Each structure stands twice: as structure tokens, then as C-alpha cells.
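Remarks on the structure that follows.
The values are calculated or read from the model by the stated rules, or taken from the named source; none is laboratory data. As the structure is a computational prediction, the values presented were derived from the model and not from experiment. For neighbour counting, all protein chains shown are included, and Cβ atoms are generated from backbone atoms with ideal geometry for every residue, glycine included. Quick note on the areas: whole protein, heavy atoms, side chains included, nothing else; ligands and nucleic acids left out. Shrake-Rupley method; radii C 1.70, N 1.55, O 1.52, S 1.80 Å.
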Amino acid sequence: EGEVTFLLGDQRGVPKAGSFVQGPRGIPHAFKNEGLVPARMLIHVAPPGFERFMAEFATPVASFDSAPEPVTPGDIQKLLEVAPKFGIEILPPR
């Protein structure tokens, strides 16, 4: 649901709802909801382990209907500190 912009390497696009996007390991990738309404997507990550990364730095929301919390400088700092422990390199925005 909604519109999510994906960046895979040098390719940028906004796939339609129901589309499949594959972001292979080793290829810089990012996604962002740049639309005016909430977006929903299903993410499948293999091999397992990414869920431990998310659990260590992310903050759970009360429900799926909760409004998003604004990102703080502390959130960014925590992400940058935790990512290397999981072999994840955070690149600067392009």
C-alpha cells in the first residue's frame, strides 16, 4: 500500500503496490515513503539475523495504526553504533 521510493545501486524507482523488489547483498540500497499517506510493505531477509539488528536499535510501536515517531539525532547515533556489529554499513544520503 502507498508509495515507497527504492534506491538500488544507481537505480531509483517507485514500484506499484504488489510489486517485488530484490536488493541483493553488497548492493547499496534504501527505501523511503515519500508519499502523503502511510505505506505498508512486506520485507523478507535471508539469511536470518537481520531481525536481531532491528530488535537492538528499533523502537516498537504500540500498534500498526500508531503514527510514526520523528527520527532524532539519538536514533541516528544508535543506528550507526549498532550497524557494524551486524556487518551493516550505513552510507551517507545521496
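For residue 75 and residue 19, calculate 0.36 nm times their separation in residues minus their Cα-Cα distance, and state this gained length in nm to one decimal.
Separation in residues times 0.36 nm, less the Cα-Cα distance, equals 17.2 nm.
Give a quick list of trypsin sites (Lys or Arg not before Pro) in region 1-85 that DSSP marks as loop, anything other than H, G, I, E or B, with at most 14 other Cβ atoms within 10 Å.
16, 25, 40
Take the solvent-accessible surface of the protein heavy atoms, probe 1.4 Å, and return the percent of it on region 29-94 that carbon and sulfur atoms account for.
Carbon and sulfur together cover 64 percent of it.
Step through the residues of region 24-37 one at a time and calculate ³J(HN,Hα) from phi using the Karplus curve (6.51 cos²θ - 1.76 cosθ + 1.60, θ = phi - 60°), rounding each to whole Hz and writing x for Gly and Pro.
Calculated HN-Hα couplings, in order: x, 4, x, 9, x, 8, 7, 8, 7, 7, 9, x, 8, 10 Hz.
Just in region 1-66: which chymotrypsin sites (Phe, Trp or Tyr not before Pro) are loop by DSSP and have at most 10 other Cβ atoms within 10 Å?
Counting only loop positions with at most 10 other Cβ atoms within 10 Å, the chymotrypsin sites (Phe, Trp or Tyr not before Pro) in region 1-66 are 20, 64.
Amide H to amide H under 5 Å from residue 35: which residues, 5+ apart in sequence or cross-chain, H placed 1.01 Å off N in plane?
Under 5 Å from the amide H of residue 35 lie the amide H atoms of 3, each far enough along the sequence or on another chain.
Please sort by residue number the GluC sites (Glu not before Pro) in region 39-94 whose DSSP state is loop and whose Cβ has at most 16 other Cβ atoms within 10 Å.
Of the GluC sites (Glu not before Pro), the ones in loops of region 39-94 whose Cβ has at most 16 other Cβ atoms within 10 Å are 89.
Report the net charge of residues surrounding residue 64, where surrounding means a beta-carbon distance below 13 angstrom and charges are Lys +1, Arg +1, Asp -1, Glu -1.
Result for the neighbourhood of residue 64: -1.
Keeping all protein chains in place, calculate the accessible area per residue for the chain (probe 1.4 angstrom), answer in Å².
Counting only protein heavy atoms, the per-residue value for the chain is 88 Å².
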